[in-house]
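Each value in this text was obtained by applying a stated rule to the coordinates, not by laboratory testing. Remember, predicted model here, so these are calculated numbers, not experimental data. As a convention, Cβ positions derive from the backbone with ideal geometry for all residues, glycine included, and neighbour counts pool all protein chains shown.
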Amino acid sequence: MNRRTIGLIAAGALGLAGGGAALADGKTVFETNCVACHGSGVAGAPKMGDAAAWAPRIKAGQAALYESALKGKKGMPAKGGNPAISDADVKAAVDYMVAQSGGKGGGDKAAEKAPEKAAGKPAPKEAAVPAKPAAPEKAAETPKPAPAPAPAPTQVAAAKPAAAPISPAAEVNAFNRLLKPAGKRNLPPTQDGIHDPANDGTQLLQPPMEAFKILPRSPGGNGVNWVQALESNKIAPRYDKADPNAAPVVMDLNIVREVKGSMPDVVYPHKQHTEWLDCSNCHPAIFVPQKGANQISMAAILLGQKCGVCHGKVAFPVSECRLCHSKKKDTITTGAAK
Amino acid sequence: MKPCRGAVAGAIVLLAVLQFLASPPARAEYGDVLINKRSEKEGMRPVVFPHWFHRIRFRCKVCHNELGFKMRAGGNDVLMVDIIEGKFCGMCHNGQIAWSPENCDLCHSGKPGLQTKIFGSHQTGGPGRW
């Protein structure tokens, strides 16, 4: 293939980018958007490949199918609930499903052309839907390359010890590598590293800080003192999913656990726990409801057992030692200390 | 169409580069659960469940007792069919108590490639063990 031919194909592919290239991607559009329902046939969606289910729909005509896909029908939202897909892509996906389900897809011709085009000019194909999941994946797979020089200036200003210009390579050995600096807590979903910023829904999600602003703060976890927030009626979480007036069954009983060593004893308040939880959440699977029957250690908690089932994941983390170890020992151990 | 596609491609490349540079260990909110048992295999983005958002509105007991969610990340087998039939998330996400499951991308909003886990373990942002 000489250069001129490649150029011609490239030009052709570019010219077709609006229609042709999109049509060729019916399969990818289907796999990224439609498969959730049409793959298994949930919510009344005709399952792909099920010729019997598709036959009457195909009979109604391609135009009607396009119409249903673009505008929605019964359980199906318009464009399958993703308004970001172009009309051409939706139609391509319809053609693909029809072709796979016993009908003759309108996009067959374009699909045949696809490999040729891809060879000549891969760019437009890249720009279509499949690139979206692929790109972040690539980034996620790579095991932490040299950290950014770009976002550094603001964060460096916040973290004083790092103020001196450090070469990017040295940052892998940075002090408190995993400790979140103040500026990196409670980030909005688009920046939190686990939401896909390319997803439209991500933009609609509430940024945590917006909700936390009016709540009492705490140094650990979300940075919110949830118990205090509840006590001061800053939040009113339901005790029953449907009934906003259902009141919790609160049990006011403190359990004091004497601990070895110099740490203050642990006071376990049933009150604050029963405000949130049901007895069966902890008893008897996590804690046997019998005095002396439970071996609890910080090691177990850090491994996610006992208190660590919640504390360290959703309830305040173990860094808040004194919230549990809150009862001074009566007898002062003499000798070793002085 | 052409310039639009170019812009999209540019934005994607830019995003990829930014992610490369930023490459966060985890800046997720404390208690966020990433659920990717099936999502990606089925061609959807993984699900992000924000504990903080739900605990402002419900006490733990509602989901971990009434709704039958086990208190272990990855310990629950939740299928989309179940949710549509009104089990698990679908007990509230039914268009009556909370918005209905048609809003796919509000839950399926996670970054592709991430594994199922809870982001906790005090402030380190490391993965919760269970």
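Can you list the residues, at least 5 places off or on another chain, whose amide H is less than 5 Å from the amide H of A:Val224, using H built in the peptide plane?
Under 5 Å from the amide H of A:Val224: A:Ser218.
A:Lys329 to A:Gln290: FRET efficiency via 1/(1 + (r/R0)^6), r the Cβ-Cβ distance, R0 35 Å, to the nearest 0.05?
On the way: r = 25 Å, r/R0 = 0.70.
In this case the efficiency is close to 0.90.
For the pairs A:Lys184/B:Lys37; A:Lys79/A:Lys213; A:Lys329/B:Lys61; A:Lys73/B:Lys37; A:Lys291/A:Lys329; A:Lys27/A:Lys59, flag any whose C-alpha to C-alpha distance is greater than 31 Å. Intermediate values should be presented prior to the final figure.
Working: A:Lys184/B:Lys37 28 Å; A:Lys79/A:Lys213 37 Å; A:Lys329/B:Lys61 34 Å; A:Lys73/B:Lys37 29 Å; A:Lys291/A:Lys329 20 Å; A:Lys27/A:Lys59 22 Å.
From the list (A:Lys184/B:Lys37; A:Lys79/A:Lys213; A:Lys329/B:Lys61; A:Lys73/B:Lys37; A:Lys291/A:Lys329; A:Lys27/A:Lys59), the Cα-Cα distance tops 31 Å for A:Lys79/A:Lys213; A:Lys329/B:Lys61.
Round to the nearest 0.05 the FRET efficiency obtained for A:Lys73 and B:Lys41 when R0 = 22 Å and r is the Cβ-Cβ distance. Let's see the in-between values first.
Values: r = 27 Å, r/R0 = 1.23.
Given R0 = 22 Å and the Cβ-Cβ separation, E is 0.25.
Between segment B:57-82 and segment A:265-332, how many Å separate their Cα centres?
22 Å
Net charge within 11 Å of A:Arg57 by Cβ-Cβ distance, Lys/Arg positive one each and Asp/Glu negative one each, not counting A:Arg57 itself?
+1
In nm, to one decimal, how far is the A:Ala53 label point from the B:Asp77 one, both placed 7 Å along Cα→Cβ?
Distance between the two pseudo-spin positions: 2.1 nm.
With a sphere of radius 15 Å drawn around the Cβ of A:Val259, what net charge do the other residues whose Cβ falls strictly inside it have (Lys, Arg +1; Asp, Glu -1)?
Working: positive: A:Arg257, A:Lys260, A:Lys306, A:Arg322, A:Lys327, A:Lys328, A:Lys329; negative: A:Glu258, A:Asp265, A:Asp330.
Around A:Val259, the surrounding residues sum to +4.
If you take the alpha carbon radius of gyration of segment A:198-334 and divide it by 2.2 N^0.38 Å, what ratio comes out, to two decimals? Don't skip to the end; give the middle numbers.
Working: Rg = 17.6 Å, N = 137, 2.2 N^0.38 = 14.3 Å.
Ratio of Cα Rg to 2.2 N^0.38 Å: 1.23.
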